[in-house]
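A short worksheet on the structure shown next.
The values are calculated or read from the model by the stated rules, or taken from the named source; none is laboratory data. Note that this is a predicted model, so its numbers are computed, not measured. Please note: Cβ atoms are built from the backbone with ideal geometry, for glycine as well, and neighbour counts cover all protein chains shown.
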């Protein structure tokens, strides 16, 4: 990097400063894929004159590692690396490819139009996108949140993951051919290409495959006491790996405590809405806006002991009976089945009713 920065007339100190500013701008503008950010921070730390402070916290109180460039005895610029964002606890990072680059380009197009005051319908018409897609892009503050984690199926390499991880920890430059020969002695029957892809996808270093959003939402919405031990461990690991996940889990559990009707829940709901709007969770903001549309009914549901569950159940049962008898009986039989609450045996010309 030093050889390509500046010219022969620049001093060594000038080249170091320019290298530090170049790498810092790449990180500040989110131009480095998540999988390579740690490598860039390590490269920054190797520049002479750069200090590393592992005991720093950011503005939100999260533990971070600070990388700072010292010039003329004072710190000119400081970059923070969030230590809590460990993808080895939640799965491999999103794979950089054509789809992820296209997503980032569309996000930039949509936000550029929104900054110009263009409406959502016009934003959808110009790039030729669906309106729901534009709404999803508009809700997200960073394009990285739109890149989905890849879903990997079980492979023949999975039983030998611990051996591969141990060997790569001992010798990070161990050739793939050596690893292939070692795991074949242990019973591996797959090909070298399968092992090569497995390593390049980052599946050796991660503890487990990435959890799907649907599965993670199910774990968040389940009462903690009813979760199995391994499900609880998986949820705790996901929460500890991301600050936003920790905030979301706390808000979900606080809202679940309001679902038991009691006096004062309406005031607690108002406080919960104010708290939810202070965090950077766009989908949760949409939920709070929906609560505002009919907050009187929501307050009644959270504070009153009675509800309309009984009438709704009777309506559902009536519709079910009607569909069972559609085209086979009249109103008299329908009336009897509803009032008596049990099915009646009906004899037709061809024998007993097959639905009974």
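Any residue in region 264-272 that is more than 31 Å from the chain's Cα centre (by Cα) and at pLDDT below 85?
The answer is no, given that none of the residues of region 264-272 is more than 31 Å from the chain's Cα centre (by Cα) and at pLDDT below 85.
Before we move on, is residue 345 part of a loop (DSSP other than H, G, I, E, B), modelled with pLDDT of 75 or more and either loosely packed, with under 10 Cβ neighbours inside 10 Å or at positive phi (or both)?
Answer is no for this residue.
Answer yes or no: is there a residue in region 242-259 that is under 22 Å from residue 299 (Cα atoms), surrounded by 15 or more Cβ atoms within 10 Å (Cβ to Cβ) and touching a residue at least 40 places away in the same chain (Cβ under 8 Å).
yes
Quick one: in region 109-118, which of the residues that are farther than 14 Å from residue 145 by Cβ and under 25 Å from the mean Cα position of the chain (by Cα) is surrounded by the fewest Cβ atoms within 10 Å (Cβ to Cβ)?
Ranking the candidates gives 112 first.
Quick check, is residue 277 exposed (fewer than 15 other Cβ atoms within 10 Å of the Cβ) and within 22 Å of residue 217 (Cα to Cα)?
For residue 277, the condition - exposed (fewer than 15 other Cβ atoms within 10 Å of the Cβ) and within 22 Å of residue 217 (Cα to Cα) - is met.
Quick one: which of 309, 351, 327 is under 27 Å from residue 259 (Cβ atoms), at pLDDT below 80 and out of contact with any helix residue (DSSP H, G or I) (no Cβ under 8 Å at 6 or more places or on another chain)?
309
How about region 295-327: which of its residues are part of a loop (DSSP other than H, G, I, E, B) and surrounded by 10 or more Cβ atoms within 10 Å (Cβ to Cβ)?
Answer for region 295-327, where residues must be part of a loop (DSSP other than H, G, I, E, B) and surrounded by 10 or more Cβ atoms within 10 Å (Cβ to Cβ): 304, 307, 325.
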